[in-house]
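Read-outs: derived from the displayed coordinates by stated rules, not from any lab. Quick caveat: nothing in here was measured; it's all calculated off a predicted structure. Counting neighbours? That spans all protein chains shown, and the Cβs are built from the backbone with ideal geometry, glycine included.
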Amino acid sequence: MKLGKIIGNVVSTQKIKSFDGVKLLLVQPLDENLNSAGDAIVAFDAVQAGVGDIIYYETSREASRVLETTMNPCDAAVMAIVDHVNLK
Amino acid sequence: MKLGKIIGNVVSTQKIKSFDGVKLLLVQPLDENLNSAGDAIVAFDAVQAGVGDIIYYETSREASRVLETTMNPCDAAVMAIVDHVNLK
Amino acid sequence: MKLGKIIGNVVSTQKIKSFDGVKLLLVQPLDENLNSAGDAIVAFDAVQAGVGDIIYYETSREASRVLETTMNPCDAAVMAIVDHVNLK
Amino acid sequence: MKLGKIIGNVVSTQKIKSFDGVKLLLVQPLDENLNSAGDAIVAFDAVQAGVGDIIYYETSREASRVLETTMNPCDAAVMAIVDHVNLK
Amino acid sequence: MKLGKIIGNVVSTQKIKSFDGVKLLLVQPLDENLNSAGDAIVAFDAVQAGVGDIIYYETSREASRVLETTMNPCDAAVMAIVDHVNLK
């Protein structure tokens with residue numbers, strides 16, 4: 001998983017059927033110091049995250065498991081809202 | 001998923017059988033400000049996207065699920081045409 | 001697998017259900033000379049690793065196999081604590 | 001999928017059994033203007049491609065589906081020879 | 001697959017159970033001219049490779065298929081020792 005920050009969302013009318021009603025967030029990847037690292041990605045929301053939240057997200061097949069329809073072709077999902085990053 | 005823009009298409013006669021009749025688009029990856037980010041990829045079209053459209057696409061195994069033949073060895077697909085990117 | 005070093009951990013209350021009770025480590029990727037290489041990732045702990053330990057970790061689907069619930073959407077796990085890296 | 005060019009091949013005697021008799025090509029990744037982009041990879045040939053051909057190839061699990069033995073641990077394959085890249 | 005060179009090995013006592021008795025090599029990725037390209041990775045050995053050997057290796061799920069226990073969470077494996085790289 002990687003750390004990220006919710007920076008917005010993506011709205012789409014013309015899309016594959018299994019994405020109907022699914023909330024898509026724009027996620028800015030972060031490094032361990034919570035600085036931006038790379039380009040934003042588009043991810044499903046599994047934890048009711050909002051703009052400004054620090055989260056961790058997943059990519060690859062595992063991401064589709066957080067949706068009710070497990071055959072959904074999802075490849076990125078927000079898994080948790082982060083309370084603290086303890087960097088030692 | 002990642003944001004992208006349709007910038008063309010790829011024509012191929014000699015190909016694996018399961019790709020017959022499938023439309024292949026050339027997709028320029030974009031960052032959250034819709035600036036180019038990295039090299040173009042070749043992706044299946046699941047939503048009738050056209051040149052100039054802002055879209056989001058997927059890579060990895062999930063992409064093959066948007067095709068009728070789920071055993072199709074597809075590793076990139078355009079999933080939706082984007083109406084708005086709300087960057088906050 | 002890649003070499004890494006445990007540099008901290010991530011605490012999260014609001015998360016997907018299958019992550020309850022799972023310890024999440026912050027891992028700094030390392031090169032073969034044990035210098036930092038890239039941004040830290042968040043990984044499950046399969047070997048009771050602690051801060052400062054040199055480890056190797058996995059990403060992609062394989063990582064989920066180290067958890068008891070194999071359907072867990074985990075995409076990164078610490079697999080072993082490294083005793084020696086023999087560079088010849 | 002990504003665009004590439006066949007720039008050579010790889011010969012190997014000592015290899016895993018399921019790779020016996022399989023032709024392995026050296027593929028130079030290309031960008032949308034057909035300029036080199038990154039380091040060459042080693043890929044299976046599913047379409048009788050030859051040196052100098054512009055092709056597109058796949059990586060990840062999907063690649064193994066082009067081989068007769070679907071359990072073959074192949075992670076890169078040439079899927080088609082490209083006739084035209086229409087960049088608009 | 002990618003070209004690489006065996007540059008050492010990794011020794012580990014505290015590890016996940018399914019890795020007991022498995023030889024882990026340190027692999028330096030190479031480009032098509034056999035120059036170093038990126039950071040070393042840790043890979044299983046499926047072909048009795050030794051330090052100094054030019055090889056090609058795989059990452060992703062396919063790598064686990066070269067082990068006897070196919071459910072082994074392995075994500076990188078050396079598949080063959082390379083005799084010649086014919087670059088044309």
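Results for (1) touching a strand residue (DSSP E or B) at 6+ places or on another chain (Cβ under 7 Å); (2) facing chain D (nearest Cβ under 9 Å); (3) within 27 Å of D:Ser36 (Cβ to Cβ), shown as yes or no for each residue.
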residue	(1), (2), (3)
B:Lys2	yes, no, yes
B:Ile7	yes, yes, yes
B:Val11	yes, yes, yes
B:Lys17	no, no, no
B:Ser36	yes, no, yes
B:Gln48	no, no, no
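Which residues, taken from the stretch D:14-43, are buried (at least 17 other Cβ atoms within 10 Å of the Cβ), hydrophobic (A, V, I, L, M, F, W, C) and not in a strand (DSSP E or B)? Scanning the stretch D:14-43 gives D:Ile16, D:Phe19, D:Ala37, D:Ala40.
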